[in-house]
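**Q** Take a look at the following structure, please.
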Amino acid sequence: MIVVDACRPSGAPWPGGVSCHLASDESEHELLEFAGRVRIPLGWYQARASVPHFDLSPGWRKKALAAGALAVDRAGMVEAMRRWRARYSS
């Protein structure tokens, strides 16, 4: 499942300086396939983070939601990241 949380102040390098996270609780492949379909810039991919994710601007968040990402609150994002870690942490 692809999830996106709410945007909040982050010092992001685009106007407004707010960002949100786009992640998958299934796999990195699912996340990258979704991002490619939506055409999210690969430069926003955080591959080396504890859980792979994209940092998105508010406009890209709207596009992700329109493409089928599930809006979650902070607790929902944390839960999705826990599910991902449970699958891939050794």
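The values are calculated or read from the model by the stated rules, or taken from the named source; none is laboratory data. Remember, it's a predicted structure, so these values are computed and weren't measured experimentally. Positions of Cβ are backbone-derived with ideal geometry, glycine not excepted, and every protein chain shown enters the neighbour counts. Accessible surface areas use protein heavy atoms only, side chains included; no ligands, DNA or RNA. Shrake-Rupley method; radii C 1.70, N 1.55, O 1.52, S 1.80 Å.
**Q** Pop the C-beta distance of Arg85 and His29 into the FRET formula with R0 = 22 Å and round what comes out to the nearest 0.05. Walk me through the numbers before you get to the answer.
**A** Details: r = 16 Å, r/R0 = 0.74.
After rounding, the FRET efficiency stands at 0.85.
**Q** Here's a follow-up. In sequence order, what are the phi-derived ³J(HN,Hα) couplings for the range 35-40 according to the Karplus relation 6.51 cos²θ - 1.76 cosθ + 1.60 with θ = phi - 60°, rounded to whole Hz, with x for glycine and proline?
**A** So the J values, rounded to whole Hz, are 4, x, 5, 7, 6, 6.
**Q** Considering amide H positions built from the backbone, and no H for Pro or chain starts, which residues 5 or more places from Ile2, or on another chain, come under 5 Å of its amide H?
**A** Placed amide hydrogens put Leu70 under 5 Å from Ile2.
**Q** Over the chain, what percent of the accessible surface lies on carbon and sulfur atoms, probe 1.4 Å? Each step should come with its number before you reach the end.
**A** Numbers: 2850 of 5190 Å².
C and S atoms contribute 55 percent here.
**Q** What base-10 log of the normalised intensity I(q)/I(0) is obtained for the chain from the Debye formula, alpha carbons as equal point scatterers, at q = 0.10, 0.11, 0.18 Å⁻¹?
**A** Cα-only, vacuum Debye calculation for the chain: -0.21, -0.26, -0.72.
**Q** How high is the relative contact order of the chain, in percent, with contacts defined as C-alpha pairs under 8 Å that are six or more residues apart?
**A** Numbers: 138 pairs, mean separation 34.9, N = 90.
Worked out over the chain, it gives 39 percent.
**Q** Compute the convex hull volume of the Cα atoms of the range 24-64, divide it by the residue count, and report the result per residue in Å³ as a whole number. Write out the running numbers ahead of the final one.
**A** On the way: hull volume 2.8 nm³, N = 41.
Hull volume normalised by residue count: 68 Å³.
**Q** So what's the angle, to the nearest 10 degrees on a 0 to 90 scale, between helix 74-88 and the longest Cα principal axis of the chain?
**A** It is inclined by approximately 40 degrees.
**Q** Tell me the per residue accessible area of the chain using a 1.4 Å probe; a whole number in Å² is fine. Spell out each step's value before the answer.
**A** Values: 5190 Å² over 90 residues.
Here the residues of the chain average 58 Å² of exposed surface.
**Q** In deg cm²/dmol, rounded to 500, what helix-only [θ] at 222 nm does the chain give when every DSSP H run of at least 4 residues adds -39500 (n - 2.57) and the total is split over its residues? Display every interim value, and only then the final one.
**A** Details: 3 runs with 35 residues, N = 90.
Mean residue ellipticity at 222 nm (helix-derived): -12000 deg cm²/dmol.
**Q** Now for a different question. Output the antiparallel fraction of DSSP beta bridges having both residues in the chain, as a percent to the nearest 5.
**A** Working: 11 of 13 bridges.
Beta bridges within the chain, antiparallel portion: roughly 85 percent.
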